[in-house]
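J.: Once you've had a glance at the structure underneath, I'll fire off some questions.
Values in this text are rule-based calculations from the coordinates and carry no lab data. This one's a predicted model, so the numbers in the text were calculated from it and none came from an experiment. Glycine also receives a Cβ, built like all others from the backbone with ideal geometry; neighbour counts cover every protein chain displayed.
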Amino acid sequence: MNANAEPASGTPRVVTSRSQLQEALAGASQPSAVVMTMGGLHSGHGALMELGRALVGPQGHLTATIFVNPLQFGANEDLAKYPRTFDDDLAICAANSVDLVFAPTPDVMYPNGDPEVTVDPGELGGQYEGVARPTHFSGVLTVVMKLLQLTHPTYAIFGEKDYQQLTLIRQMVRDLDIPVEIVAGPTVREASGLARSTRNNYLSEAARDTALRIPSAIAAGQSVSERGADAVVNVARSILEAPADVEVDVQYVVVTDPLMGPAPAAGEGRLIITAIVDGTRLLDNAQVFIGPPEPGAADADATSGVDTTE
Ligand code: PAF
């Protein structure tokens with residue numbers, strides 16, 4: 001690991017300890033932004049960094065954190081095989097004008113072992129992703145809270161791809177009065193339409209082909225949204241559940257309101273899908289407008305579909 005490296009021009013400074021982080025941030029300009037990651041970076045993370053830089057401006061300060069957080073992985077999950085690609089990650093940070101990379105080890109983040117006190121994600125934390133992964137969101141919120149305390153940014157940027165995570169982080173910031181502005185970055189997709197994810201690296205060619213049903217299901221659901229949330233779910237499910245060459249285990253297909261409450265009878269909602277394709281858990285979601293289009297809503301609808309540009 002290229003830890004504690006002195007920055008060359010255009011290369012972010014890398015720090016791994018709390019004291020180095022505090023020293024680096026003490027002299028940092030304002031406003032500041034943080035993009036939290038678990039490494040395995042791709043263009044989706046790059047887009048979040050680009051958004052961070054746009055928010056703070058050329059003189060502001062942009063930190064990226066790289067930490068594979070053990071607390072958010074269940075006992076039978078992919079913690080050990082989660083991609084560790086530090087040198088490539090650093091290149092993506094450099095290409096997106098990150099000033100500082102904080103890459104702690106688990107001992108630095110959790111010096112006393114697993115924390116006794118953690119963040120309770122509330123009712124939503126036990127739904128959808130939380131059904132199969134009951135400790136996941138407590139682990140996510142706990143590390144996000146710690147990283148916010150350690151970096152105290154003006155803005156923290158999270159991707160819409162992990163929509164339940166984004167919703168819960170917003171809820172935590174609201175409920176616990178954390179002084180930060182949470183900013184959402186749109187999902188970045190491969191040219192095929194597949195949402196960018198570090199876990200796409202696990203997919204074989206056949207699994208990748210089948211995974212394309214997920215963006216297709218979203219587009220098909222959006223196309224029938226005038227008929228209501230049930231129609232959206234049914235159409236999306238029919239695409240996901242058709243016979244396939246590899247195993248597809250549909251975990252849930254749901255329309256919610258934008259805060260992940262019950263689906264609206266009419267107006268803005270979120271179509272959220274998780275399916276395990278050939279052993280790899282894939283998440284995707286998109287805005288969907290339920291019911292007859294309101295006057296002037298045509299433009300919004302046109303930009304909310306599955307856009308395959310990166
Ligand atoms: O989205 C992720 O990569 C992680 O859940 C996060 C927010 C960095 C916390 O470990």
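J.: Along the Cα→Cβ direction, 7 angstrom out, place labels at THR118 and ALA28. What is the inter-label distance in nm?
T.: 2.6
J.: I've got another one for you. Hey, how much of the P(r) for segment 84-133 falls beyond 16 Å, as a percent of Cα pairs?
T.: 66
J.: Below 8 Å between Cα atoms, with a sequence gap of 6+, how large is the relative contact order for the chain in percent?
T.: Value for the chain: 16 percent.
J.: A follow-up question, please. Using the Cα atoms of segment 1-96, I'd like the radius of gyration and the largest Cα-Cα distance, Dmax, both in angstrom.
T.: Rg then Dmax for segment 1-96, in Å: 14.0, 44.
J.: Next question, about the same structure. Roughly what % of Cα-Cα distances in segment 171-217 sit above 16 Å, to the whole percent?
T.: 53
J.: Then there's this: Of all beta bridges DSSP finds with both residues in the chain, what is the antiparallel percent, to the nearest 5?
T.: Antiparallel: roughly 50 percent of the beta bridges in the chain.
J.: Just rank ILE214, ILE178, fewest to most, by other beta-carbon atoms within 10 angstrom.
T.: ILE178, ILE214
J.: Can I ask one more? Considering the dipole of segment 1-156 built from charges on the beta carbon (Lys and Arg +1, Asp and Glu -1) around the Cα centre, which of PRO12, VAL140, GLY113 is farthest to its positive end?
T.: Positive-most Cα among the choices belongs to PRO12.
J.: Let me ask something additional. What number comes out for the charge environment of GLU129, summing +1 per Lys or Arg and -1 per Asp or Glu over other residues with Cβ under 15 Å away? It would help to have the intermediate numbers written out before the result.
T.: Values: positive: ARG133, LYS161, ARG199, ARG270, ARG281; negative: GLU77, ASP78, GLU123, GLU160, ASP162, ASP249, ASP284.
Computed value for this residue: -2.
J.: Which three extents, in angstrom, do the Cα atoms of the chain have along their principal axes, listed largest first?
T.: 56, 43, 38
J.: A further question on this structure: For PHE102, PHE86, what ranking results if the residue with the fewest other Cβ atoms within 10 Å of its Cβ goes first?
T.: Working: PHE102 27, PHE86 17.
Arranged by neighbour count, lowest to highest, PHE102, PHE86 become PHE86, PHE102.
J.: Right, another one. Work the Kirkwood hydrodynamic radius out for segment 120-248: mean of 1/r over every pair of different alpha-carbon atoms, inverted, in Å.
T.: With all distinct Cα pairs of segment 120-248 included, I get 16.9 Å.
J.: Taking every Cα atom in segment 236-299, find the radius of gyration and the maximum pairwise distance Dmax, and write them in Å.
T.: Cα only, segment 236-299: 14.2, 43 Å (Rg, Dmax).
J.: Continuing with the same structure: Quick one: VAL119, VAL68, fewest Cβ neighbours within 10 Å first, how do they rank?
T.: VAL68, VAL119
J.: For TYR252, what residues show an amide H to amide H distance below 5 Å, using hydrogens built from the backbone and excluding near sequence neighbours?
T.: Excluding prolines and chain starts, which carry no amide H, the hits are THR274.
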